[in-house]
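One structure is given below, encoded as structure tokens.
The values are calculated or read from the model by the stated rules, or taken from the named source; none is laboratory data. Keep in mind it's a predicted model, so treat the numbers as computed, not measured. Cβ placement follows ideal geometry from the backbone for every residue including glycine, while neighbour counts extend to all protein chains displayed. Surface accessibility is based on the protein's heavy atoms, side chains included, excluding ligands, DNA and RNA. Shrake-Rupley method; radii C 1.70, N 1.55, O 1.52, S 1.80 Å.
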Amino acid sequence: MDWDHPHPFTLDLQPGPDDIDGLAHTNNAVYVRWCEQIGWAHSGALGLTLADYQRLDRAMAIHRGEYDYLLPTAEGEALRLGTWLLAGDGRLRMERRFQLIRVRDGATVLRARWQLVCIEIASGQARRMPPAFLAAYGPAAIAG
């Protein structure tokens with residue numbers, strides 16, 4: 001597959017009947033849900049789950065999300081979603097990127113990015129990333 005960046009964390013997907021909208025293709029909101037799903041899966045694979053976020057009273061929250069819907073997909077199509085973390089400022093911010101590829105022809109059907117900021121869950125205020133975040137996310141991040 002022709003990935004935008006090397007070594008993505010990937011998730012194989014296939015739109016089901018409930019994912020298809022009135023235009024007979026995968027609804028855009030489904031792509032957003034899939035990005036959230038792979039983001040949590042990748043974070044968990046790196047050692048930080050929702051339970052860890054709650055225990056640490058810190059979270060990486062989406063400050064800005066951008067989605068470029070390039071091609072439609074249909075029910076039953078085999079898709080592979082990849083994600084990467086991009087190094088941020090080492091204190092508050094980092095970025096997560098996504099690329100969705102249609103398996104049969106290798107076409108990229110979606111590119112997306114999230115600008116993330118570390119927050120204190122209790123207050124919702126921006127706070128420095130705790131050492132556990134830096135230890136888990138830092139080595140996985142690629143240069144932007």
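Data overview
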| read-out | value |
| --- | --- |
| Where ALA45 falls short, out of the listed (1) within 18 Å of PRO8 (Cβ to Cβ); (2) of a type in the set (A, V, I, L, M, F, W, C); (3) in contact (Cβ under 8 Å) with a residue 40 or more places away in the chain | (3) |
| Filter pass, ILE101 being under 22 Å from GLN14 (Cα atoms), open to solvent by less than 50 Å² (accessible area, probe 1.4 Å) and touching a residue at least 40 places away in the same chain (Cβ under 8 Å) | yes |
| Residue list for segment 2-36, filter: touching a strand residue (DSSP E or B) at 6+ places or on another chain (Cβ under 9 Å), more than 21 Å from TRP84 (Cβ to Cβ) and either modelled with pLDDT under 95 or open to solvent by 60 Å² or more (accessible area, probe 1.4 Å) (or both) | GLN14, ASN28 |
| The one condition in (1) exposed (fewer than 15 other Cβ atoms within 10 Å of the Cβ); (2) aliphatic (A, V, I, L, M); (3) under 15 Å from CYS118 (Cβ atoms) that LEU48 fails to fulfil | (1) |
| Residue within segment 68-82 that is of a type in the set (Phe, Trp, Tyr) and buried (at least 17 other Cβ atoms within 10 Å of the Cβ) present | no |
| Residue selected from segment 83-98 under the condition among the charged types (D, E, K, R) and surrounded by 16 or more Cβ atoms within 10 Å (Cβ to Cβ), by the criterion nearest to THR108 (Cα to Cα) | ARG97 |
| Some residue of segment 56-67 being part of a strand (DSSP E or B) and exposed (fewer than 13 other Cβ atoms within 10 Å of the Cβ) | yes |
| Of all residues in segment 44-55 being assigned to a helix (DSSP H, G or I) and out of contact with any strand residue (DSSP E or B) (no Cβ under 8 Å at 6 or more places or on another chain), the one that is farthest from THR83 (Cα to Cα) | ARG55 |
| Selection within segment 85-144 - assigned to a strand (DSSP E or B) and either of a type in the set (Asp, Glu) or over 19 Å from the mean Cα position of the chain (by Cα) (or both) | GLU95, GLU120, ALA126 |
| Selection status of GLY39, touching a strand residue (DSSP E or B) at 6+ places or on another chain (Cβ under 7 Å), open to solvent by less than 60 Å² (accessible area, probe 1.4 Å), in contact (Cβ under 8 Å) with a residue 40 or more places away in the chain and among the small types (Gly, Ala, Ser) | yes |
| Residue among LEU116, LEU92, LEU134 that alone is in contact (Cβ under 8 Å) with a residue 24 or more places away in the chain, within 30 Å of LEU71 (Cα to Cα) and among the aliphatic types (A, V, I, L, M) | LEU116 |
